[in-house]
Every structure is written in structure tokens, then in C-alpha cells.
Amino acid sequence: MATVAADRQQSGMPTPDGLIARAKAMIPSLKERAKDCVAQRNVPAETIAEMKEAGFFRVLQPKRYGGYEMHPNVFFEIQKNLAEGCMSTGWVYGVLGCHPFQLALFDDRAQQEVWGDDQKMLVSSTYQPVGKVERTEGGFYLSGTWGFSSGSAHCGWVLLGAFVPPEEEDGPVDMRTFLLPRQDYKIDEDQWHTFGLQGTGSHHIVVDRVFVPEHRTHSAAAAFFGNNPGTEVNDAALYTMPWAQLFVRSVSTSAFGGARAAINAAMEIMKTRVSTNTKKASADDQVLQGAIAAAQAQMLEMELSLKVTFEEIMDVMDRGEKLTIEQRSLFVYQSSTVARRLALLVDGMVERLGGRAIYMTSDIIQPWLDLKAARAHVANDPYNRSGDLVGALVGQPPAFAFL
């Protein structure tokens, strides 16, 4: 490990520990900007610029385009720390920061178009398969309106989900991701008015029948079976990892930072709160102590479980092997439970803090609301994943191929 770190320093590449330390150092400034982030319904441009300068968005980017190709757990540690300062910022980092990985799976012509002139270019997404697709020579025409494109105001490209109609009658429908440059879509910023994660700027994307060449599409089937065209040029073991395994974690991991912030806030309130009605001190409230202890312990258990999961995934990839369906189903299910479990644990603290926890100025309220909003993401709903996991355990093929 020391040799790897020395090689990185000599090449000008930051070390994993150095990147994580930079993220931790940003926590105070993110806390200061959090209210403006929420009010503006976007992560401040200043914050995005600092994250770019720190190299955070390069963690999973191919070295061919200035990236670091680091272990996914480095990416997740950065995300957790950013989310502790501001969960909206951590959420946006998770989403935008995982896209370099998916782009590395695209045809290299698409990678060149995005990063050829600007290796710091950011890409947003919304994978809802709501677009209308028409086949044409050399590619497709794409139209539609997509919601929930987090961080889109800061990006020059977007990834959009849609079903491609079969070439033959009764043929299979193909789920694909379409890559579009900024001039081919509009961002509708008037729709994002939510009770939590307000600062993610998860705006609508509007596309009016634009041409998308074949090489700027990525098939879900190719991702599932590992037949990604980009791995011909990006041959690191990292890019043999199933794309879905990374993506589901990118939208659950910020919940750890939000929970950390909520636990810290609960303990600060507990130190000084004395009920004006009962005259009882929160510091002596065993139920509150139990809620804080449960939140801290169970959060650490979940963090450790998911960290070990990605150690296992990368060990398999490094050996040139493939994950089993049982493993893939279990891992995405575990990730899907995080936001809901942490939201419930924070509920237990909030309900014991009385009037001190109901004002919007209370430090526990924003992460609490953010955790509740995070549960709404399709990847954070365990009931979408339980069928695949149980099916895998009894030897049935998965019904939901995004594993």
C-alpha cells in the first residue's frame, strides 16, 4: 500500500486518504452554505468548483481522461463526509460523481465527446424510462420530459432513460441510457419544490425530438451481462463491476452523512435542553439516550456492511470473476434499506427533543427531512428489491434486471 501511495504522489495523483481528508475539511463550509443551498434549490456553484478542484469527481473517472480509477469505497467515504456538512451536496456528489463510471462503459467516441476538450465536464442524469424513442439510420430520435435530474444546472451533458422499441415484431424491448449534450435539452427549474433534499436541484429535463447517435447509448442488457463497449479501452478491473451495484449506493450513501449530522445535532440539543413544562433534563432521558445509541450503533453497522460489500465486489473483479445473482440481489437490497432505516432512527431522536426540534432553525430538522425525501428514490425502496433477493435464494431468475 505504501508503494501505491508513493506512486500516486509521484504522478501528481492525490491519495485516497488525502481526498477523504479534503472532504472532511469541507464540512464546516458546507454547513455554513446549507441554508443558501436549500433556499436556492441548487448546490452553490462555489461548492461545485471546490469539489472539482479537490479532484472528487475524478475518483471513478478513467485515467485516460485524467481520472484516478480508485476503489469505490474512497468515493463513498468522500460522499459521506460531504453529506454530513450538507446532505443535498452529498447527494449531488454521489449522482454526478458516479456518472464518470457509467460513461467509461460507453463507446469511446462518446467519452471523447464529453471529456475530449474538458476533462472536468460533469454529466447529470434521470433514468426514468419515460422518453419516446424512434429508430432511424445511425441512431434514434428522442423526445420527452424527465424529472429528478439532480445537479443538472452544473452539467454540460445529461443521461436519460428510455425503452427502445424492438426492431422486429414481438422482439425484446431494450432499456437504454441516452447521452445528450446541453444544446439538445432544456432544464425546467420551476418544478423542484420539495420538503427535503431541496438543494439537489433535481430539475426536469425537456427534449424535443433530437437525434442521438447509436454510440451515445448504453444498453441495460449490456450492463447486466458485462458486455460494455467502453471496457475495450478502459480495461481496469473497476469497470468490470456491474454498473447497478455502484449506482444504487450513490443514492443511499448520502443518508449516512445526513444521519451523522442528525445524531450530532441531537446530542447538542440534549446537553442543554430542560423541558419548561416537566423541568426534566434531556440529558437524563433514558429513552432519548437509547434513541441516540441505537442510531449511532446501527448506522455504523450499516456502514461497515456496505464497506465490506464493496471490498468483496472488488476482490471478485480483481480475480477476473463475476458476481453471482445471489450476491448482486443481496447487495442492492442491502443498499435499498439504508435511507429508510436511518430515517426511522432519526425519528426516534426527534420525537424526544420536544419543541427544540420542531423549528426550521434546529440543526436536526434539515437532515431529518432530507432522509425522509431520500426514501422516495426508487433505488431506496427495499420492496422493489425483495422479490429479486428471495427469488435468487430459491433459484429463480431476477424479475428486475438492474442488479
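The values are calculated or read from the model by the stated rules, or taken from the named source; none is laboratory data. Here the structure is a predicted model, which means the values were calculated and not measured. Glycine also receives a Cβ, built like all others from the backbone with ideal geometry; neighbour counts cover every protein chain displayed. Only protein heavy atoms, including side chains, enter the accessible area calculation; ligands, DNA and RNA are left aside. Shrake-Rupley method; radii C 1.70, N 1.55, O 1.52, S 1.80 Å.
Per-structure values
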item: Matching option when the condition is surrounded by 14 or more Cβ atoms within 10 Å (Cβ to Cβ), in contact with an Asp or Glu (Cβ under 6 Å, 6 or more places away or on another chain) and of a type in the set (Ser, Thr, Tyr), among SER362, SER329; result: SER329
item: Qualifying position, being within 22 Å of PHE195 (Cα to Cα) and not in a helix (DSSP H, G or I), among ASP370, ASP363; result: ASP363
item: Close pairs from region 204-229: first surrounded by 15 or more Cβ atoms within 10 Å (Cβ to Cβ), partner assigned to a strand (DSSP E or B) and among the basic types (Lys, Arg), Cβ under 6 Å, at least 6 apart; result: THR217/ARG176; SER219/ARG176
item: Pairs where the first residue, in region 304-333, is closer than 20 Å to GLY391 by Cα and the second is open to solvent by 70 Å² or more (accessible area, probe 1.4 Å), C-beta under 7 Å, 6+ apart; result: GLU326/LEU393
item: Hits in region 230-251 (condition: open to solvent by less than 10 Å² (accessible area, probe 1.4 Å), touching a Lys or Arg at 6+ places or on another chain (Cβ under 9 Å) and assigned to a helix (DSSP H, G or I)); result: ALA244, GLN245, VAL248
item: Cβ-Cβ under 6 Å pairs, at least 6 apart or on other chains, region 105-130 side more than 16 Å from TYR239 (Cβ to Cβ) and among the hydrophobic types (A, V, I, L, M, F, W, C), far side surrounded by fewer than 16 Cβ atoms within 10 Å (Cβ to Cβ) and modelled with pLDDT of 95 or more; result: MET121/GLY156
item: Pair list, Cβ < 8 Å and 6+ apart or interchain, from region 257-274 residues that are polar (S, T, N, Q) to residues that are assigned to a loop (DSSP other than H, G, I, E, B); result: ASN264/ASP363
item: Residue identified as closer than 24 Å to LEU159 by Cβ, of a type in the set (Lys, Arg) and assigned to a helix (DSSP H, G or I) among LYS52, LYS35; result: LYS52
item: Test set (1) surrounded by 15 or more Cβ atoms within 10 Å (Cβ to Cβ); (2) in a loop (DSSP other than H, G, I, E, B); (3) modelled with pLDDT under 95 - MET270 fails condition number; result: (2)
item: Single residue of GLY97, GLY66, GLY55, GLY90 found to be open to solvent by less than 10 Å² (accessible area, probe 1.4 Å), more than 13 Å from the chain's Cα centre (by Cα) and of a type in the set (Gly, Ala, Ser); result: GLY55
item: From the options GLY395, GLY391, residue that is surrounded by fewer than 20 Cβ atoms within 10 Å (Cβ to Cβ) and not in a loop (DSSP other than H, G, I, E, B); result: GLY391
item: Cβ pairs under 6 Å, 6+ apart, first in region 236-248 and among the hydrophobic types (A, V, I, L, M, F, W, C), second at pLDDT below 95; result: TRP243/ALA223; ALA244/PHE402; ALA244/LEU403
item: Residue within region 286-303 that is open to solvent by less than 20 Å² (accessible area, probe 1.4 Å) and assigned to a loop (DSSP other than H, G, I, E, B) present; result: no
item: Residues (touching a helix residue (DSSP H, G or I) at 6+ places or on another chain (Cβ under 6 Å), among the aliphatic types (A, V, I, L, M) and more than 30 Å from LEU403 (Cβ to Cβ)) located in region 248-293; result: ALA261, ALA262, ILE263, ALA266, ILE269, MET270, ALA283, LEU288, ALA291, ILE292
item: Members of region 182-234 that are under 24 Å from VAL164 (Cβ atoms) and charged (D, E, K, R); result: ARG182, ASP184, LYS186, ASP208, ARG209, GLU214, ARG216, GLU232
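This table checks each residue for (1) closer than 18 Å to GLY230 by Cβ; (2) buried (at least 21 other Cβ atoms within 10 Å of the Cβ); (3) in contact with a strand residue (DSSP E or B) (Cβ under 6 Å, 6 or more places away or on another chain).
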{"position": "PHE106", "(1), (2), (3)": "yes, yes, yes"}
{"position": "PRO129", "(1), (2), (3)": "no, no, yes"}
{"position": "LYS132", "(1), (2), (3)": "no, no, yes"}
{"position": "ARG135", "(1), (2), (3)": "no, no, no"}
{"position": "PHE140", "(1), (2), (3)": "no, yes, yes"}
{"position": "LEU159", "(1), (2), (3)": "yes, yes, yes"}
{"position": "ASP188", "(1), (2), (3)": "no, no, yes"}
{"position": "SER202", "(1), (2), (3)": "no, yes, yes"}
